[in-house]
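A short write-up of the structure that comes next.
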Amino acid sequence: MATTNGRMRIALSGGTGFLGARVAAAHDPERLDRGDPGLEDPLALAERFRARGIEAVVHLAAVYTRHHTPAEVLPLVRANVELGTVILEACALAGVPRLVLADSPFAHGPPEQPATGLYGATRRAFAEVARWYARTKGLQVVTLVLHDLYGPGDTRQRLIPALLRARAGGEALTLMADAPPLEPLHVDDAARAVTAALTAPAGTWAVRGGERLTPVELCARLERVGGRPLPHRVAPDGAA
């Protein structure tokens, strides 16, 4: 097999992201960067995979928004459905046997339960596309359902970075008393899970940090660890 320094030769989308940058540092992958015109043509991408001896693709690229605007509809669909479908088709054409996907808990749940926002709906739609390729093209698809990532350098608009910014003197946060719990997962543990998935059995695997905390509990934990109050208020159950 084609390898780099004894490692599996992989292609990686989303290599500039919070998790992707760590995966890229560990594997020296073929980069599938946003804006690359070759990512719009499955035939061209398949030829690239063959030429580079790609053995597996790690697909981490996605666009997240909690409450989308009309202008965000096409970017969500293109990043969360179209790009992954092009990569799946290219893998099938080039004979790349394995695809590792990062997925969101927003894409999972009972089929009769609506997805969480358009983001969750697009992730759920792509999960069905990936299952179709696995069933009909024989691809080994390993899906990692990654819970609430955190760690150094996180600038995303998520709760844990927002709490840390508030602790550093930023704006006070409003926490909902009835918000569902989070399952914090360190980004380095998620990166190790991606590496393990390169040789793991095909299927869907939940990757968790091992502890469930509500936003209020998480805030209290940060106050205890940091040794000082964190500016916030708690809205009552059901408050807007």
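The values are calculated or read from the model by the stated rules, or taken from the named source; none is laboratory data. What you are looking at is a predicted structure, and each value in this text was computed from that prediction instead of being measured. Neighbour counts are summed over all protein chains in view; Cβ atoms, including those assigned to glycine, are modelled from backbone coordinates with ideal geometry. Side chains are part of the model used for accessible areas, which takes the heavy atoms of the whole protein and leaves out ligands, DNA and RNA. Shrake-Rupley method; radii C 1.70, N 1.55, O 1.52, S 1.80 Å.
Computed on the stretch 1-69, the Cα convex hull volume stands at 94 Å³ per residue.
Compactness of the stretch 113-220, taken as the C-alpha radius of gyration over 2.2 N^0.38 Å, stands at 1.28. Helix 42-52 and the long axis of the chain differ in direction by around 80°, with both axes built from C-alpha atoms. With the simple spin-label model, which puts each label point 7 Å out from Cα in the Cβ direction, the residue 234 to residue 154 separation comes to 2.1 nm.
With all protein chains in place and a 1.4 Å probe, the accessible surface of the chain carries 56 percent carbon and sulfur. For the chain, leaving out every one of the GluC sites (Glu not before Pro) that falls in a DSSP loop and has at most 16 other Cβ atoms within 10 Å, the longest unbroken run is 1-111. Most simply put, the stretch 146-240 has about 10% antiparallel DSSP beta bridges, counting only bridges with both residues inside it. Largest first and in whole Å, the equivalent-ellipsoid semi-axes of the stretch 57-97 read 26, 10, 4, each the square root of five times a Cα gyration tensor eigenvalue. One quarter of the surface of the convex hull around the alpha-carbon atoms of the stretch 28-128 equals 7.0 nm², the direction-averaged projected area.
Over all directions, the projected convex hull of the C-alpha atoms in the chain averages 14.5 nm² in area. For the chain, the solvent-accessible area with a 1.4 angstrom probe is 52 square angstrom per residue. Relative to the longest principal axis of the Cα atoms of the chain, the long axis of helix 117-137 makes an angle of roughly 30 degrees.
Backbone geometry of the stretch 174-189 corresponds, through the Karplus equation with coefficients 6.51, -1.76 and 1.60 at θ = phi - 60°, to 3J(HN,Hα) couplings of 9, 10, 8, 5, 9, 5, x, x, 9, 10, x, 9, 5, 4, 5, 5 Hz, x marking Gly and Pro.
Using only the alpha-carbon atoms of the stretch 53-195 as identical scatterers, what base-10 log of I(q)/I(0) does the Debye formula give at q = 0.09, 0.13, 0.16, 0.17 Å⁻¹? Log-scaled intensity ratios, in q order: -0.33, -0.67, -0.97, -1.07. For residue 56, the residues whose modelled amide H falls within less than 5 Å of its own, excluding neighbours fewer than 5 places apart on the same chain, are 11.
Between residue 132 and residue 172, the contour length at 0.36 nm per residue exceeds the Cα-Cα span by 9.9 nm. Here's the picture: a label point sits 7 Å out from the Cα of residue 206 along the beta-carbon direction, and within the stretch 166-200 the residues with their amide nitrogen under 17 Å of it are 180-186, 190. Rounded to whole numbers, the Karplus 3J(HN,Hα) couplings from phi for the stretch 196-210 are 5, 5, 5, 10, 7, x, 4, x, 10, 10, 7, 10, 10, x, x Hz, using 6.51 cos²θ - 1.76 cosθ + 1.60 with θ = phi - 60°, and x at Gly and Pro.
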